[in-house]
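Colleague: Structure incoming, see below.
The values are calculated or read from the model by the stated rules, or taken from the named source; none is laboratory data. None of the values given here were measured: they were computed from a predicted structure. Glycine gets a Cβ as well: all are built from the backbone with ideal geometry, and neighbour counts include every protein chain shown.
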Amino acid sequence: MTHEKVAFFKEAVKNFKTSGTIIPSSRFLIKRILSKINFTNSKLIVEFGSGNGIITKEILKKLEPSATLICFEINEVFYNELKKINHKQLIVLNASAENIQQEIEKRGFKQVDDFISSLPLTMLPKELSERIIENSYTVLKEKGRFVQFQYSTQFLKQFKSIFNRKVRLDFEPLNIPPAFLYVCEK
Ligand SMILES: C[S@@+](CC[C@H](N)C(=O)[O-])C[C@H]1O[C@@H](n2cnc3c(N)ncnc32)[C@H](O)[C@@H]1O
């Protein structure tokens, strides 16, 4: 295992209820997630649950020069790791995802073009996961996407109800564990 994977494993085990996994996402899963986003049209992308930044670094490679990426990460150790990425288009927040609206408004944004989320929704309190999806829907632009991966289809009904049924499921077998992708469009 690389040094980064070992560090992620230690922190994720300590905080299993909020990390929801012990292994960072595979490159296959990351590629599949990013294929759902049209980066040429995105001015503001928000990532929820960035962890050690394994997806963050790949998003930054695809970002248009005038676009911004805002990351929400509640774990302080991961937050400090993310700060080290130090990219001029990246804003890293030690804040919880449900505060999306206040946090973007503080920075002069009204709407989010696309979301990429690896939050462990099934492990969060039900009211919290609902608030996160509803608040995100509110600030998402028309035709914007909310891409979420999970290890089950448990949230399909809820995403369909909030996104007026505009939800497609995809699957990536080459990840531990294999992951479902919810691709939701406003
Ligand atoms: C499954 S890990 C994903 C890490 C990384 N993005 C990856 O794909 O390997 C989920 C992350 O969500 C963070 N998290 C959990 N609840 C959160 C919340 N309410 N707001 C922001 N981040 C949260 C955890 O601290 C953890 O780093």
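Colleague: Assess whether Asn175 counts as being surrounded by 18 or more Cβ atoms within 10 Å (Cβ to Cβ) and in a loop (DSSP other than H, G, I, E, B).
Modeller: On the way: surrounded by 18 or more Cβ atoms within 10 Å (Cβ to Cβ): yes; in a loop (DSSP other than H, G, I, E, B): yes.
Yes, satisfied.
Colleague: Do we find that Asn164 is without any contact (Cβ under 8 Å) to a residue 12 or more places away in the chain, within 21 Å of Lys57 (Cα to Cα), away from the ligand (no atom under 12 Å from the Cβ) and among the polar types (S, T, N, Q) in this structure? Spell out how you get there, then give the answer.
Modeller: On the way: without any contact (Cβ under 8 Å) to a residue 12 or more places away in the chain: yes; within 21 Å of Lys57 (Cα to Cα): no; away from the ligand (no atom under 12 Å from the Cβ): yes; among the polar types (S, T, N, Q): yes.
So Asn164 does not fit the description; no.
Colleague: Considering Ile54, Ile33, which residue is surrounded by fewer than 20 Cβ atoms within 10 Å (Cβ to Cβ) and either within 12 Å of the ligand (Cβ to nearest atom) or farther than 29 Å from Phe109 by Cβ (or both)?
Modeller: On the way: Ile33 fails: surrounded by fewer than 20 Cβ atoms within 10 Å (Cβ to Cβ).
Checking each option against the conditions leaves just Ile54.
Colleague: Which ranges mark the helices (runs of 4 or more DSSP H) fully within the range 7-105 that have 1 or more residues being of a type in the set (Gly, Ala, Ser) and modelled with pLDDT under 95? Explain how you work it out, then say what you get.
Modeller: Working: elements: 16-19, 27-34, 54-62, 76-83.
The qualifying helices (runs of 4 or more DSSP H) are 16-19.
Colleague: For the range 111-128, which positions are closer than 18 Å to Lys17 by Cα and either surrounded by 20 or more Cβ atoms within 10 Å (Cβ to Cβ) or near the ligand (Cβ under 9 Å from one of its atoms) (or both)? Break it down stepwise before answering.
Modeller: Looking only at the range 111-128, we keep the residues that are closer than 18 Å to Lys17 by Cα, and these are 117-128.
Correct list: Ser117, Ser118, Leu119, Pro120, Leu121, Met123, Leu124, Leu128.
Colleague: Which of the residues belonging to the range 1-26 are within 11 Å of the ligand (Cβ to nearest atom), of a type in the set (Lys, Arg) and more than 20 Å from Ser129 (Cβ to Cβ)?
Modeller: Lys5, Lys14, listed by residue number.
Colleague: Could you list, in sequence order, all residues of the range 159-172 that are of a type outside the set (Val, Ile, Thr) and closer than 17 Å to Lys36 by Cα? Talk me through it step by step, then tell me what you get.
Modeller: Here is the first cut: in the range 159-172, the ones of a type outside the set (Val, Ile, Thr) are 159-161, 163-166, 168-172.
Within the range 159-172, Phe159, Phe163, Lys166, Arg168, Leu169, Asp170, Phe171, Glu172 meet the criteria.
Colleague: Given the conditions (1) surrounded by 17 or more Cβ atoms within 10 Å (Cβ to Cβ); (2) more than 16 Å from Arg27 (Cα to Cα); (3) modelled with pLDDT of 95 or more, which single one is not true for Leu169?
Modeller: Status for Leu169: all satisfied but (1).
Colleague: Whether any residue in the range 119-133 is without any contact (Cβ under 8 Å) to a residue 24 or more places away in the chain, closer than 26 Å to Asn52 by Cβ and in a loop (DSSP other than H, G, I, E, B) is what I want to check. Write out each step before concluding.
Modeller: Our first condition is that a residue be without any contact (Cβ under 8 Å) to a residue 24 or more places away in the chain; within the range 119-133, this holds for 125-127.
Next, from what is left, pick out any that are closer than 26 Å to Asn52 by Cβ: 125.
Of the ones still in play, those that are also in a loop (DSSP other than H, G, I, E, B) are 125.
Looking through the range 119-133, at least one residue is without any contact (Cβ under 8 Å) to a residue 24 or more places away in the chain, closer than 26 Å to Asn52 by Cβ and in a loop (DSSP other than H, G, I, E, B).
Every residue, every condition in (1) within 16 Å of the ligand (Cβ to nearest atom); (2) under 23 Å from Leu34 (Cβ atoms); (3) under 15 Å from the mean Cα position of the chain (by Cα); (4) touching a residue at least 12 places away in the same chain (Cβ under 8 Å), yes or no:
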site: Lys62; (1), (2), (3), (4): yes, yes, no, yes
site: Ser66; (1), (2), (3), (4): no, yes, no, yes
site: Asn80; (1), (2), (3), (4): yes, no, no, no
site: Ile100; (1), (2), (3), (4): yes, yes, yes, yes
site: Glu142; (1), (2), (3), (4): no, yes, no, yes
site: Lys157; (1), (2), (3), (4): no, no, no, no
